[in-house]
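To start, the structure itself, in structure tokens.
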Amino acid sequence: MSHSVSYELLSFRGGNWVIESIYDTKDVALQEARRLLAGRHQTGVKVIEETYDADTDNTTARIVFSRQRGEGKSRRKSREEDEEKSKTDSAAAPAARRKRGDPAFLNYILILVFSIGGILFGVIALVFWYLQALGGA
């Protein structure tokens, strides 16, 4: 039986997986994958082991390494959100699901602050106008 094994290193760029290089040994491919992921420009890397059987003309592939930057954080965050959802009752559920830094919530706060500030500015202006009118008459 004639088997050949190769290891493809793929990187995630622009929303697509791109083949960076092909190696004959697994260790070198894994080392290069970790080096690429440590850099700034890659958000994800994969190493795929491809085995070609010349007798049957079949190729099999399996992922031997796959990492994406921030993958562990997102899993932990989703697990915490699931736990928080299970603790809250249905009346408090919308507030519990609100994400930190929700743009709609921040917009409401900004509108509230500017509205109150505008009203206070108008009241102060009326008070000064009234005091000036009393003093001038």
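The values are calculated or read from the model by the stated rules, or taken from the named source; none is laboratory data. All values reported here derive from a predicted model rather than from experimental measurement. Here the Cβ is made from the backbone with ideal geometry for all residues, glycine too, and neighbour counts use every protein chain on show.
For region 15-29, give me each residue that is within 14 Å of VAL5 (Cβ to Cβ) and either among the β-branched types (Val, Ile, Thr) or part of a helix (DSSP H, G or I) (or both).
Scanning region 15-29 gives ILE22, THR25, LYS26, ASP27, VAL28, ALA29.
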So ALA92, is it at pLDDT below 90 and either closer than 30 Å to TRP17 by Cβ or outside the structural domain of ALA38 (by TED's automatic domain parsing) (or both)
yes
Residue ID - surrounded by the most Cβ atoms within 10 Å (Cβ to Cβ), chosen from residues in region 1-14 that are more than 29 Å from the chain's Cα centre (by Cα) and assigned to a strand (DSSP E or B):
SER6
Among the residues in region 43-54, are any modelled with pLDDT of 80 or more and farther than 30 Å from GLN31 by Cβ?
no
Does LEU37 fit the bill of being within 17 Å of GLY70 (Cα to Cα) and out of contact with any Pro (no Cβ under 7 Å at 6 or more places or on another chain)?
yes
